[in-house]
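Read-outs: derived from the displayed coordinates by stated rules, not from any lab. All values derive from a computational prediction rather than experimental measurement. Cβ atoms come from the backbone with ideal geometry, glycine included; neighbour counts cover every protein chain shown.
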Amino acid sequence: MSATDESTGGSTKPRLLEVEDLHVEFRTREATANVLNGVGYHVDAGETLAVLGESGSGKSVTAQSVMGILDTPPGFVTKGAIRYRGEELLAATEDRRRELRGENMAMIFQDALSALNPVYTVGFQIAEQFRFRRGMSRKDAMAKAAEMLDMVKIPNAKQRVKEFPHQFSGGMRQRAMIAMSLALDPDLLIADEPTTALDVTVQAQIMDLLDELRRERGMGMILITHDLGVVAEVADRIAVMYAGRVVEESDAESLYERPAHPYTEGLMESIPRLDQKGEQLASIKGLPPNLANIPEGCPFHPRCHRATDECRRKVPELLELRPGRYSACHFAEELISSE
Amino acid sequence: MTESIREQADSTDTANTGDQDVSRSGEQKPKLEKQVGLWGDAWRDLRKRPLFIVASIIILLLVVMSAFPWLFTSVDPNEQLLSKARQGPSPEAWFGYDHLGRDVYARVIYGTRSSILVGVLATSLTVVLGSIFGLISGYFGRKTDVLVSRFAEIFLGLPFVLGAIVILSVFNAGITSPSGVRVMSQVVLTIGVLAWPISMRIMRSAAIAAKQQDYVNAAKALGASHSRIIFKHVLPNCIAPVMVYATIALGQMIGLEATLSYLGLGLKAPVVSWGMMISVSQQYIISTPHMLLFPAGFLVITVLAFVMLGDAVRDALDPKQR
């Protein structure tokens, strides 16, 4: 969407990743669900973009489309563009895309236990990258695998490469997963809810590690999450998704200070806070829309306390309100300037 | 495995647990220094399992028996002493004589070869065929799956005996006394062709479950090709149920060979097999039970040994069981 146009402007260097007006539908026998309805965002090298949103808002589907691992069927990309360093991925051959995966872009998953193959040792799985993509010998690859485990701060890495995923604790598994994804030194990392399955203390460690690795390697990172708390510390920019489109995009600080979309507002209010002890926790009423039947007008209007007739009729565009701040709401200007 | 105890150490998931780790693993380090893969680990584990040891000894004995039957008996299995027909076990003939006065013990020993050969070969053939088709059909799904599954159902729909009669009689039309090797390979192929859909279905359902796992997605996200995903990630996670089936099927295959022999389509004299002995003995079950008991006993022990072996191997291949 327009979000990316001006800032690229005259500069000749293409963005690390640019998603533009991406439409994806899931076709099932009963109905067609419009899972993505014009998603647009971009990531530059060395920055972290957090993608926020409820389950079913299309965060993961966007990521899968970028990686090219969307299950087709049922998912079909019907419109849009995904550009990696200016290269149009949707037009690329399957071989080219496979070449990019691992080498240039990698992904880590929510549940590291199921994302690691239970029948192989952790080291073997990391070494596999080096053996098949770099043609290293088994022994060298194992040594590199140990190095990678060391890099993600797994103690006693030389020994632990010989262990199986189930012998690792939750946090260690996620670390191993990170090591595996970063083996070939990609410059784009997509982390799909990397801390959701972990307990709070470990969450912070993993986020710190990801942030540190991103900084060291100058990677661009897309951090998919529904947890505003996790995002606060590491994200440079935040894109909020609702019903398959970006409804607000902003630098992290401004967004926390004053959200420019009622949905973001609702998300912020539903974080439990100590100074509100005893009060009822705010929540966004209603449920996310049925994607096979998205309401007319602004998809958020049935749940929005500001909804007017205009919202019921007209889909708000994602407009730039302040430099770097975008919102898709008819009342965005009011929201952003109100106290 | 010894490593598993170390799992407790990292439950806190902080870097400090490292020191503890080092001290504990330091002692065993020289032993673990060697690089071992999945099978190496499994082997180390197997050597310690009594189940595996017992099963291996039995199977080894059976293999020796089928390779060198003369080591175990000096009696000709086809020598007929009609005067001794259906005599019970005695010191000179441990398992007694059959209805034609042949030494049951010698026949059981000599029958090992064809029974084991048919069992092992037919099982391997069905499992290999079934696994390949099952993997392809389960992993790729959709049209491939429909095609392969319907193809398999054609074979599954054929009644086994009828199918075997058709196949064996067509291929042996006009040949009055085919050679032993020829008949045996025909029996093996017939069983393989008619029985592969069962292991295909097992493999297919396991592959469908495995391909939806995150580690397959993760492998895809790291740029693995279809063939690498199939052989490195899907197959090792699907092999266990097929292996269990194979150990059970082995006994069935030996039984099927007996069925075919009984119908006059399988092995014929002078070749000896347990299946033939069992099928002949059914007319004498009441009067001469030892004619059934000994070959059937050997069959049971053989099947049991393979089942135990399969069980032990499956457990050893599953890293979570260690």
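Structure above, values below:
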{"quantity": "Distance from segment B:89-115 to segment B:281-308 (C-alpha centre basis), Å", "calculated": "12"}
{"quantity": "Descending semi-axes in Å of segment A:105-185, equivalent ellipsoid built from Cα gyration tensor", "calculated": "17, 14, 11"}
{"quantity": "Among A:GLU30, A:GLU128, A:GLU94, residue whose mean-square fluctuation peaks in a GNM of chain A (springs only between Cα atoms under 10 Å)", "calculated": "A:GLU30"}
{"quantity": "Computed E for A:MET136/A:ASP21 - FRET, C-beta separation, R0 41 angstrom, nearest 0.05", "calculated": "0.50"}
{"quantity": "Computed [θ] at 222 nm, deg cm²/dmol, chain A (DSSP H ≥ 4; -39,500 (n - 2.57); rounded to nearest 500)", "calculated": "-10000 deg cm²/dmol"}
{"quantity": "Segment A:46-102-segment B:185-244 distance, computed between alpha-carbon centres (Å)", "calculated": "28"}
{"quantity": "Of the trypsin sites (Lys or Arg not before Pro) in segment A:85-185, those whose Cβ has at most 13 other Cβ within 10 Å and which sit in DSSP loop", "calculated": "none"}
{"quantity": "Added length on full extension, which subtracts the Cα-Cα distance from 0.36 nm per residue, A:LEU287 to A:HIS305", "calculated": "5.1 nm"}
{"quantity": "Members of B:LYS211/B:LYS232; A:LYS139/B:LYS48; A:LYS285/A:LYS314; A:LYS162/B:LYS232 lying beyond 20 Å, as alpha-carbon distances in this model show", "calculated": "A:LYS139/B:LYS48; A:LYS285/A:LYS314"}
{"quantity": "Cα-Cα separations in the protein assembly as shown greater than 48 Å, expressed as whole percent", "calculated": "35"}
{"quantity": "Nearest 10 degrees, 0 to 90: helix A:170-182 Cα axis against chain A principal axis", "calculated": "80"}
{"quantity": "Antiparallel DSSP beta bridges within the protein assembly as shown, as percent of all bridges there, nearest 5", "calculated": "60"}
{"quantity": "Peptide-level mean, for A:159-168, of C-beta atoms on other protein chains within 10 Å", "calculated": "6"}
{"quantity": "Inter-label distance for A:ALA232 and A:SER337, nm, one decimal - labels placed 7 Å from Cα along Cα-to-Cβ", "calculated": "3.0"}
{"quantity": "Average partner coverage of A:111-117, which counts Cβ from other chains inside 10 Å", "calculated": "5"}
{"quantity": "Amide N proximity, segment A:88-125 versus A:HIS166 label position 7 Å along Cα-to-Cβ, cut-off under 20 Å", "calculated": "A:111-125"}
{"quantity": "Net charge dipole size for segment B:55-321 [Lys, Arg +1 and Asp, Glu -1 on Cβ; Debye, nearest 20]", "calculated": "840"}
{"quantity": "Gain in span if fully extended, B:ILE132 to B:THR144, counting 0.36 nm per residue against the direct Cα distance", "calculated": "3.0 nm"}
{"quantity": "Selection from A:ILE154, A:GLY135, A:PRO323, by position along the positive dipole direction of chain A (Cβ)", "calculated": "A:GLY135"}
